[in-house]
Amino acid sequence: MLVLGIESSCDETGVALVETQGAALPRLCAHALHSQITMHQAYGGVVPELASRDHIRRVLPLAQSVFDEAGKRLADVDVVAYTRGPGLAGALLVGAGVACALGAALGKPVLGVHHLEGHLLSPFLSADAPEFPFVALLVSGGHTQLMRVDGVGRYEMLGETIDDAAGEAFDKSAKLMGLPYPGGPWLAKLAEQGDPAAFKLPRPLLHSGDLDFSFAGLKTAVMTQARKLGDDLEGRKADLAAATQAAIVEVLLKKSMTALTQTGLKRLVVAGGVGANRDLRTQLDAACARRGVRVHYPELHLCTDNGAMIAMAAAMRLQAGMQQPTEVYAFDVKPRWPLDSLVRAPEDALA
Ligand SMILES: Nc1ncnc2c1ncn2[C@@H]1O[C@H](COP(=O)(O)OP(=O)(O)OP(=O)(O)O)[C@@H](O)[C@H]1O
Ligand SMILES: [Mg+2]
């Protein structure tokens, strides 16, 4: 079965083809991505209307390049998958509209995918794919969640952020330091030359005893520190970046270890853009090695939004019998859509 996947929830247009063969892990045939980052950089953040217009321009040429690379034709596609939510409504509607138009034209069914489930299952695209069950640390631009994952569609939320996401903490702190958007990778690069102990920053909820996160206070502390430094900020930026990264990483590390202890699981899966952070990876690797826990990450270029994870999540849901594709081309989207609401027993999903 050949699944075409389309991602357009925010500022990346992604298209991919994934093939399933029996119960084997689906195989990525080809994927293509266009990032709008340079377009939004001038505004310091994503401009939704510009994002939607750019998705319209990009999606079909990207699809063409994916078919060319995979040596497949449109007629070979069995299911057209698209990101149904969460995300920007207008941006989501582009992917949904194109998917439904293709499905209707080809006489093939469509399947709406949850964006976070795409992130969550993205490590299955890497050569070192995980096995169920595992603890998942989902750290993206808009979400920070710890989950127990027992299978496709079998997710139990263990804890999540009560305010800002870790990616947001990276981005907002970077903005305060005058770094370009999105600031996470820039802040991480700058942090390499800084001293993480140069500033004392808070580790919110570190000892709360539960698995929830809070990063809004950290951003405020970075702002206070930046103001205090005034003209000296420029010379101390690397130190402040290193201290910020250290605070975020320490909280993510500690809570992930607590989740492993509480569940008794011996496998950790990290997904989402912040999962590309090298300091986080180094520290998680070391802590997990000490506990005899295996850690899995998506490949670096598949940590942030992409079409491959959407096609993969669709293929895995179909294989697991969690969802049937539909020939109702309603292109409905869900800009707000909690991941927990996906959780149903396979027999319910098919009903
Ligand atoms: N090396 C890095 N270090 C820290 N943060 C990073 C790094 N690379 C990317 N990020 C952060 O990852 C985030 C983007 O990740 P992703 O694309 O998964 O999120 P999103 O799609 O914007 O959000 P969501 O999936 O929650 O809707 C941004 O906040 C970005 O700054
Ligand atoms: Mg995302």
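Can you tell me how the stretch 204-351 classifies by the Cα gyration tensor, rounded, prolate or oblate, using a/c under 1.5 as the rounded cut? Prolate. Shape call for the stretch 1-129 from the C-alpha gyration tensor, a ≥ b ≥ c root eigenvalues: rounded (a/c under 1.5), prolate (a/b greater than b/c) or oblate? The shape class here is prolate. Among ASP163, ASP11, what is the fewest-to-most ranking by other Cβ atoms within 10 Å? Final ranking by Cβ density, sparse to dense: ASP163, ASP11. Assuming charge only on the beta carbon of Lys and Arg (+1) and of Asp and Glu (-1), the dipole of the chain about its Cα centre is about 440 debye to the nearest 20. Cβ-to-Cβ counts within 10 Å put VAL139, VAL59 in ascending order as VAL59, VAL139, the fewest first. Under a Gaussian network description of the chain, with springs only between Cα atoms under 10 Å, the residue in GLY183, GLY14, GLY230 that fluctuates furthest is GLY230. Can you compute the FRET efficiency between ARG291 and LEU60 using 1/(1 + (r/R0)^6), with r the Cβ-Cβ distance and R0 = 45 Å? Round to the nearest 0.05. After rounding to 0.05, the efficiency reads 0.40.
Placing +1 on the Cβ of every Lys and Arg and -1 on the Cβ of every Asp and Glu, with no other charges, gives the stretch 128-297 a dipole of roughly 280 debye about its Cα centre.
With both labels modelled 7 Å from their Cα along Cα-to-Cβ, the ARG281 to GLU299 distance reads 1.3 nm. Full extension of the chain between ARG336 and LEU106 yields a length gain of 79.8 nm, computed as 0.36 nm times the residue separation minus the alpha carbon distance. Distance between the modelled labels on LYS266 and ALA197, one decimal in nanometres: 3.6 nm (7 Å Cα→Cβ projection).
Among LEU146, LEU125, sorting on how many other beta-carbon atoms sit within 10 Å of each Cβ, with the fewest leading, yields LEU125, LEU146. Taking a ≥ b ≥ c as the square roots of the eigenvalues of the Cα gyration tensor of the stretch 128-297, is the shape rounded (a/c under 1.5), prolate (a/b larger than b/c) or oblate? Prolate, since a/c reaches 1.5 and a/b exceeds b/c. Pairs from the list LYS172/LYS228; LYS175/LYS237; LYS175/LYS255; LYS175/LYS228 with a Cα-Cα gap above 19 Å: LYS175/LYS255. Placing pseudo-labels 7 Å out from each Cα toward the beta carbon at GLU131 and ALA42 gives an inter-label distance of 5.3 nm. Computed over the chain with a Gaussian network model linking Cα atoms closer than 10 Å, the most mobile of ALA101, ALA136, ALA242 is ALA101.
Note on the chain: GNM, Cα springs under 10 Å; of SER173, SER126, SER341, the largest mean-square fluctuation is that of SER341. Helices of the chain meeting both criteria, an alpha-carbon length of 30 angstrom or more along the long axis and an average Kyte-Doolittle score not below 0.0, with helices taken as full DSSP H segments, are 233-263.
A short reminder: the numbers here are calculations on the coordinates, not readings from a lab. Keep in mind that this is a model prediction, so the values were computed, not measured. Note that we place each Cβ from the backbone using ideal geometry, even for glycine, and neighbour counts take in every protein chain shown.
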